[in-house]
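Worksheet: the structure to be examined is printed underneath.
The values are calculated or read from the model by the stated rules, or taken from the named source; none is laboratory data. Computed from a predicted structure; not experimentally measured. Note that each Cβ is placed from the backbone with ideal geometry, even for glycine, and that neighbours are counted across all protein chains shown.
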Amino acid sequence: MQANSSDITYYEAVGRRKNATARVRLYLAKEGHEKGDMIVNGLPVEKYFFGEVAKKIYLEPFRTTNTIGRFVTSILVSGGGLSGQLGAVLQGISRALCKVDLE
């Protein structure tokens, strides 16, 4: 689903893995926002999913589609453990990026 509300365009998708659910929004970065920022449950992604292995996993969809730094990403994730949540985030980001490519 693409929403456009008061000059804020975003793409939204849901990812699931095991008992975890992630709601992902990819905002087109505008002035005043740092491109490439990712916020998970109100924390910077590096503080929620720590380590180099996790970083490679959650950045892989952006690397594959050559869109690193193009979006500001907001993620709400719940349920399961960190591994399941990371998998749900990965699926949610991938699904949202698929919607971007359709346009």
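Quick one: which strands (runs of 3 or more DSSP E) lie wholly within the stretch 1-56 and hold at least 3 residues that are crowded, with 17+ Cβ neighbours inside 10 Å and at pLDDT 95 or above?
Where strands (runs of 3 or more DSSP E) fall fully within the stretch 1-56 and carry at least 3 residues being crowded, with 17+ Cβ neighbours inside 10 Å and at pLDDT 95 or above, they are 8-17, 20-28.
Every residue, every condition in (1) more than 9 Å from the chain's Cα centre (by Cα); (2) farther than 12 Å from R23 by Cα, yes or no:
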site: R63; (1), (2): yes, yes
site: I68; (1), (2): yes, yes
site: T73; (1), (2): no, no
site: V77; (1), (2): yes, no
site: G80; (1), (2): yes, yes
site: V89; (1), (2): no, no
site: G92; (1), (2): no, no
site: A96; (1), (2): no, no
site: V100; (1), (2): yes, yes
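Looking only at the stretch 58-80, which residues are in a strand (DSSP E or B) and either buried (at least 16 other Cβ atoms within 10 Å of the Cβ) or among the hydrophobic types (A, V, I, L, M, F, W, C) (or both)?
F71, V72, T73, S74, I75, L76, V77 - these are the residues of the stretch 58-80 that are in a strand (DSSP E or B) and either buried (at least 16 other Cβ atoms within 10 Å of the Cβ) or among the hydrophobic types (A, V, I, L, M, F, W, C) (or both).
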